[in-house]
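**Student:** This is the structure I want to talk about, given as structure tokens.
The values are calculated or read from the model by the stated rules, or taken from the named source; none is laboratory data. Bear in mind that the values here come from a model prediction, so they are computed numbers and not experimental data. Cβ atoms come from the backbone with ideal geometry, glycine included; neighbour counts cover every protein chain shown.
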Ligand SMILES: Cc1cc2nc3c(=O)[nH]c(=O)nc-3n(C[C@H](O)[C@H](O)[C@H](O)COP(=O)(O)O)c2cc1C
């Protein structure tokens with residue numbers, strides 16, 4: 001199984017990258033293969049505007065990301081929640097990718113994950129992220145992995161090790177695989 005994914009944060013000690021890496025480990029232990037996008041490419045994209053696209057076209061990096069999405073059998077996205085919603089650079093990348101027709105997201109299963117120091121674990125950000133992905137034809141899986149109350153990667157690991165959370169993670173991985 002050939003998957004593609006990323007954590008939407010390049011921050012040192014990023015909770016979401018840590019969670020993403022744990023999900024990748026679990027999937028690779030089950031025989032899947034995950035190609036990982038260098039998210040600094042997303043953070044460095046120009047801001048999408050219709051005028052910018054008309055003047056300069058779609059950046060090469062966007063075409064490369066889109067080709068990788070198209071080639072993958074499924075996607076994994078771990079994203080922080082910013083103000084109950086999608087971090088700006090990620091929404092910007094989705095807007096750029098949406099300009100490539102037909103949509104490379106069509107029919108693509110997407111496993112969503114989020115980690116946050118807040119007790120609710122970023123699910124509202126994932127609910128917001130589902131909206132443009134569904135608009136573009138992705139099949140966002142109903143099972144998602146959200147970890148709340150984790151201020152550090154170590155705390156996140158502690159929560160992940162609980163039996164209840166492991167069962168939820170298993171269900172989410174199973175739904176993707
Ligand atoms: C602009 C901004 C808005 C945020 N809004 C939320 C929020 O709505 N809900 C939440 O749980 N955490 C929120 N946070 C806290 C992030 O969840 C926290 O910084 C998290 O560690 C970021 O993800 P990362 O560790 O993967 O970089 C926000 C952080 C920033 C910088």
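**Student:** Could you pull out every one of the helices (runs of 4 or more DSSP H) wholly within the stretch 76-167 that has 2 or more residues that are within 10 Å of the ligand (Cβ to nearest atom), crowded, with 16+ Cβ neighbours inside 10 Å and under 13 Å from the mean Cα position of the chain (by Cα)?
**Tutor:** 123-135
**Student:** Still on this model: Would the stretch 38-49 turn up any residue that is over 17 Å from residue 145 (Cα atoms), at pLDDT 95 or above, out of contact with any helix residue (DSSP H, G or I) (no Cβ under 6 Å at 6 or more places or on another chain) and buried (at least 19 other Cβ atoms within 10 Å of the Cβ)?
**Tutor:** Yes - at least one qualifying residue is present in the stretch 38-49.
**Student:** Which condition does residue 71 not pass, out of (1) away from the ligand (no atom under 16 Å from the Cβ); (2) surrounded by 13 or more Cβ atoms within 10 Å (Cβ to Cβ), if it passes all the others?
**Tutor:** (2)
**Student:** What pairs come up if the first residue lies in the stretch 18-39 and is assigned to a loop (DSSP other than H, G, I, E, B), the second is loosely packed, with under 13 Cβ neighbours inside 10 Å and modelled with pLDDT of 95 or more, and their beta carbons are under 9 Å apart, counting only those six or more places apart or on different chains?
**Tutor:** 32/2
**Student:** Please list, ordered by first then second residue, the pairs with beta carbon atoms under 9 Å, 6 or more apart or interchain, first in the stretch 81-94 and on the phi > 0 side of the Ramachandran plot and touching a residue at least 24 places away in the same chain (Cβ under 8 Å), second more than 8 Å from the ligand (Cβ to nearest atom) and in a helix (DSSP H, G or I).
**Tutor:** Correct list of pairs: 84/127; 84/128.
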